[in-house]
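Report on one structure; see the data block that follows.
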Amino acid sequence: HLQLMMRRYKVDNVPVLSSIIIQQCNLIHIDLLKCEGVFDEDDEAFAAICMLSDSKVLKINVDGLSNFIFKENFHKLDKLEELEIESVEQNFSSLVDNIEELSNTSLPFLKKLRIEIGFLNIPIERIERMGRNFPVLTSFNLTTDCSLPIDVYLRNFKLLQHISINYHYNRNFSTVCDDNKDEKFLTLKHLHLEGFTFGSDDVNLNEYKLNQLIEKMPKI
């Protein structure tokens with residue numbers, strides 16, 4: 001396992017992460033969430049991470065990561081069981097391209113996925129592709145301003161047991177649940193929703209939606 005928290009990524013103007021990864025060829029767990037921008041001008045580091053064919057866990061900040069390098073290499077990590085991706089800088093075009101590539105990548109063993117991207121929307125077609133490409137996903141954690149209704153995630157990730165959605169204080173509660181009362185999500189064990197405003201022009205609508213959502217959950 002390797003976990004780093006760094007603020008300087010070069011010695012004598014030479015990137016250090018790539019040399020670390022290349023020397024540690026048996027890594028299965030890499031946590032670089034506290035290394036913001038570590039891949040900036042160090043494409044070799046991300047390429048080296050993706051050559052770790054037995055990697056099970058990858059947690060990275062993608063700020064400064066080249067879209068081309070991500071696309072050329074990420075698909076090699078096909079044994080991942082846990083993936084966390086976050087962005088602090090919120091580079092819109094770069095994030096869009098990387099999330100698009102992520103959604104197109106087959107990760108048949110991925111069980112846990114966390115994406116923290118703030119304002120960026122992940123549209124329904126990408127969620128649908130993730131549902132097909134991550135067939136055994138059981139835990140999904142998302143922070144975004146523009147989240148879809150909770151039903152969309154539960155409908156596409158068939159084995160989901162744990163879901164946490166942070167709406168980043170930009171959604172009315174009445175929008176988080178579809179109107180299909182007959183739909184049931186019986187695999188779910190843990191539901192965590194936060195960051196939405198509960199106020200509404202129609203106060204009764206919020207309570208109605210909350211009750212509707214609960215009716216779709218397993219009766220435990």
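The values are calculated or read from the model by the stated rules, or taken from the named source; none is laboratory data. As the structure is a computational prediction, the values presented were derived from the model and not from experiment. Because the Cβ atoms are built from the backbone with ideal geometry, glycine has one as well, and the counts that use them run over all protein chains shown. Note: areas computed on protein heavy atoms with side chains; ligands, DNA, RNA excluded. Shrake-Rupley method; radii C 1.70, N 1.55, O 1.52, S 1.80 Å.
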With charges only on Cβ, +1 for K and R and -1 for D and E, what is the dipole size of the chain about its Cα centre, in debye, rounded to 20? 860 debye
Give, as a single signed number, the net charge of other residues whose beta carbon lies under 15 Å from the beta carbon of E44, with Lys and Arg counted +1 and Asp and Glu -1. -3
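On average, how much accessible surface per residue is there in the chain, in Å², for a 1.4 Å probe, leaving out ligands, DNA and RNA?
50 Å²
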I'd like the orientation of helix 203-215 relative to the chain: the angle between its Cα long axis and the longest Cα principal axis, in ° from 0 to 90, rounded to 10. 70 degrees
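Write down the percent of antiparallel bridges among all DSSP beta bridges whose residues are both part of the chain, to the nearest 5. Working shown, then result.
Numbers: 2 of 35 bridges.
Counting DSSP beta bridges with both partners in the chain, the antiparallel share is about 5 percent.
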Between (i) 17.8; (ii) 18.5; (iii) 18.9, which matches Kirkwood radius over Cα pairs in Å calculated for the structure shown? (ii)
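Counting Lys and Arg as +1 and Asp and Glu as -1, what is the net charge of the other residues whose Cβ lies under 12 Å from the Cβ of R129? Could you put the intermediate results ahead of the total?
Numbers: positive: R126, R132; negative: E100, E101, E125, E128.
Overall, the nearby charge balance is -2.
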So how tilted is helix 92-103 from the main axis of the chain? Cα-based, degrees 0 to 90, rounded to 10. 80 degrees
Check the straight Cα-Cα distances from K34 and name the lysines below 18 Å, setting aside those fewer than 8 residues away within the same chain. K10, K59
Accessible surface, 1.4 Å probe, highest first, among residues T187, T143: T187, T143
